[in-house]
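**Student:** Could you have a look at this structure, given as structure tokens, before my questions?
The values are calculated or read from the model by the stated rules, or taken from the named source; none is laboratory data. All figures in this text were calculated on a predicted structure; none of them were measured in a lab. For neighbour counting, all protein chains shown are included, and Cβ atoms are generated from backbone atoms with ideal geometry for every residue, glycine included.
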């Protein structure tokens, strides 16, 4: 059992014991966010302090009598950096800093590698601005986890020039999670030396560095990498993937922009063809891809979740997706030039969640025995579709269909269905919702206004 599975197990155990409460769920039913009662939180903080598990420091509340291994700080970095100089921080292995909307400057970095030389986890959150990640970050030689995130209101608006190549010298580093833009849109040249890397994410598309001259068989291979987000697709992307440089990758996001580097249909198709080499790939996100060439016929059979954004998803691509034996989740948003979509019998055998947002489909046909396990269907801002397939209301597995901001023609079609058993109207987060119970027990939820909840 890997660490993620262990974490999921303990999370579910806490939920079952009512120690934490689920605030929201993902479309696949797993927990997205959770919350805890303030009294229980205070008890946890107090008990953790007594057992020296972790400490929470607020502005002006410092303790030099204990040596915590895990430290959570909530204040202006400048105030805390000055006040904490009198404290012994050599025992700290995990540092979480909530900057309360203040800047994180070069002098604060100096304070970290001066007083927290042995930390393995560094998290900087709620930052208004951060000037850079200094080259001297290599001094944190035991670092395994680095996360930098802005205030949610400014996420992605703040940026640094580059990720220093010195970060690749951190031999234990497993996770880089940056909620800030990198202006050169590139992972550092030494990325191929990061043999322990498991998770790499930055805000916005990032180019992979050129492969380095090989001195041994394992050079340029990141065997432990499981997640890499928003790869900025260029002419070397297919080569890197086809040579199995990420042999154990589970989650991948690809972004193509003709403004960055123009590639013809054949070159783009080769990128998709190369994905056959990712034998453990489970989640795939495709952004901005044009129409593919006919020689593209397969995707990795291990895929369980596929999402498209601003890409060309025609009937040819639908055939490929329909053959995936393990696909549970499919999302298509802002698809290009797709007037008709057909699901034939036997396709999408395990699909449970299907989301269409700004898809622009005029005609959707579904044969009997297609999508036999579909549970959740979401349609948002489709102003061309005129009807939903009758076969949907024969699916015994279907639990709900959420329709929002669609054409008047589709709206009237749904209200006129003869398989409606009952109607209920209630107040939703952004307005009135019509809930129609269908003959197969599914709930058809209809709303005119757009609700962000359905996008999650």
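**Student:** Quick check, is residue 224 surrounded by fewer than 21 Cβ atoms within 10 Å (Cβ to Cβ), in contact with a helix residue (DSSP H, G or I) (Cβ under 7 Å, 6 or more places away or on another chain) and on the phi < 0 side of the Ramachandran plot?
**Tutor:** no
**Student:** Is it fair to say residue 2 is more than 17 Å from the chain's Cα centre (by Cα), at pLDDT below 90, surrounded by fewer than 10 Cβ atoms within 10 Å (Cβ to Cβ) and under 29 Å from residue 351 (Cβ atoms)?
**Tutor:** On the way: more than 17 Å from the chain's Cα centre (by Cα): yes; at pLDDT below 90: yes; surrounded by fewer than 10 Cβ atoms within 10 Å (Cβ to Cβ): yes; under 29 Å from residue 351 (Cβ atoms): yes.
Taking the combined requirement at face value, the residue satisfies it.
**Student:** Any chance you could count how many residues in the range 259-268 are under 24 Å from the mean Cα position of the chain (by Cα) and either closer than 18 Å to residue 301 by Cα or modelled with pLDDT under 90 (or both)?
**Tutor:** Of the residues in the range 259-268, the ones under 24 Å from the mean Cα position of the chain (by Cα) are 260, 268.
Of the ones still in play, those that are also either closer than 18 Å to residue 301 by Cα or modelled with pLDDT under 90 (or both) are 260.
Residues in the range 259-268 being under 24 Å from the mean Cα position of the chain (by Cα) and either closer than 18 Å to residue 301 by Cα or modelled with pLDDT under 90 (or both): 1 in total.
**Student:** Right, something else. Check whether at least one residue in the range 145-165 is in a helix (DSSP H, G or I), at pLDDT 85 or above, within 21 Å of residue 208 (Cα to Cα) and touching a helix residue (DSSP H, G or I) at 6+ places or on another chain (Cβ under 9 Å), and report yes or no. Lay out the reasoning, then the answer.
**Tutor:** The first filter runs over the range 145-165 and keeps only residues in a helix (DSSP H, G or I), leaving 152-154, 165.
Narrowing the set further to residues that are at pLDDT 85 or above leaves 165.
Remaining after also requiring within 21 Å of residue 208 (Cα to Cα): 165.
Retained after the next criterion (residues that are touching a helix residue (DSSP H, G or I) at 6+ places or on another chain (Cβ under 9 Å)): 165.
Within the range 145-165 (the criterion being in a helix (DSSP H, G or I), at pLDDT 85 or above, within 21 Å of residue 208 (Cα to Cα) and touching a helix residue (DSSP H, G or I) at 6+ places or on another chain (Cβ under 9 Å)), the answer is yes, since at least one residue qualifies.
**Student:** Looking at 176, 167, can you tell me which residue is in contact with a strand residue (DSSP E or B) (Cβ under 6 Å, 6 or more places away or on another chain) and closer than 17 Å to residue 141 by Cβ?
**Tutor:** Values: 167 fails: in contact with a strand residue (DSSP E or B) (Cβ under 6 Å, 6 or more places away or on another chain).
After ruling out the rest, the residue left standing is 176.
**Student:** Is there a residue being in contact with a strand residue (DSSP E or B) (Cβ under 7 Å, 6 or more places away or on another chain), farther than 24 Å from residue 326 by Cα and part of a strand (DSSP E or B) anywhere in the range 204-226?
**Tutor:** Yes, the range 204-226 contains a residue that is in contact with a strand residue (DSSP E or B) (Cβ under 7 Å, 6 or more places away or on another chain), farther than 24 Å from residue 326 by Cα and part of a strand (DSSP E or B).
**Student:** Mind checking which residues of the range 248-270 are in contact with a helix residue (DSSP H, G or I) (Cβ under 8 Å, 6 or more places away or on another chain) and more than 20 Å from residue 330 (Cα to Cα)?
**Tutor:** 267, 270
**Student:** I'd like the residue in the range 13-23 that is assigned to a helix (DSSP H, G or I) and without any contact (Cβ under 8 Å) to a residue 12 or more places away in the chain and, out of all such residues, is surrounded by the fewest Cβ atoms within 10 Å (Cβ to Cβ).
**Tutor:** 16
**Student:** Can I ask one more? Can you tell me which condition residue 195 does not meet? The list is (1) over 30 Å from residue 261 (Cβ atoms); (2) free of Cβ contacts under 8 Å to residues at least 40 places away in the same chain, and all the others hold.
**Tutor:** The one condition residue 195 does not meet is (1).
**Student:** Name the residue, out of 319, 381, that is surrounded by fewer than 18 Cβ atoms within 10 Å (Cβ to Cβ) and in contact (Cβ under 8 Å) with a residue 60 or more places away in the chain.
**Tutor:** From the options 319, 381, the qualifying one is 381.
**Student:** Would you confirm, using the coordinates I've provided, whether residue 356 is within 27 Å of residue 300 (Cα to Cα), over 26 Å from the mean Cα position of the chain (by Cα) and in a strand (DSSP E or B)?
**Tutor:** no
**Student:** Then there is this: Considering only the range 284-316, state which residues are outside any loop (DSSP other than H, G, I, E, B) and crowded, with 17+ Cβ neighbours inside 10 Å.
**Tutor:** If the condition is that a residue be outside any loop (DSSP other than H, G, I, E, B) and crowded, with 17+ Cβ neighbours inside 10 Å, then 284, 285, 286, 287, 305, 306, 307, 308, 309 are the ones that fit.
**Student:** Now, a different point. I'm checking my understanding of the structure. Among residues of the range 24-47 that are within 30 Å of residue 356 (Cβ to Cβ) and not in a loop (DSSP other than H, G, I, E, B), which one is nearest to the chain's Cα centre (by Cα)?
**Tutor:** 32
**Student:** Further question on the same structure: Condition first: part of a strand (DSSP E or B) and either touching a residue at least 60 places away in the same chain (Cβ under 8 Å) or crowded, with 18+ Cβ neighbours inside 10 Å (or both). Can you find one or more residues in the range 183-190 that meet it? Break it down stepwise before answering.
**Tutor:** Restricting attention to the range 183-190, the residues satisfying the condition of being part of a strand (DSSP E or B) are 186.
If we keep only those that are either touching a residue at least 60 places away in the same chain (Cβ under 8 Å) or crowded, with 18+ Cβ neighbours inside 10 Å (or both) as well, we get none.
The answer is no, given that none of the residues of the range 183-190 is part of a strand (DSSP E or B) and either touching a residue at least 60 places away in the same chain (Cβ under 8 Å) or crowded, with 18+ Cβ neighbours inside 10 Å (or both).
**Student:** For the range 92-132, give me the residue count where each residue is out of contact with any helix residue (DSSP H, G or I) (no Cβ under 6 Å at 6 or more places or on another chain) and under 17 Å from residue 56 (Cβ atoms).
**Tutor:** Of the residues in the range 92-132, 16 are out of contact with any helix residue (DSSP H, G or I) (no Cβ under 6 Å at 6 or more places or on another chain) and under 17 Å from residue 56 (Cβ atoms).
**Student:** With the checklist (1) assigned to a loop (DSSP other than H, G, I, E, B); (2) out of contact with any helix residue (DSSP H, G or I) (no Cβ under 6 Å at 6 or more places or on another chain); (3) within 20 Å of residue 207 (Cα to Cα) in hand, flag the one item residue 244 doesn't pass.
**Tutor:** The failed condition is (2).
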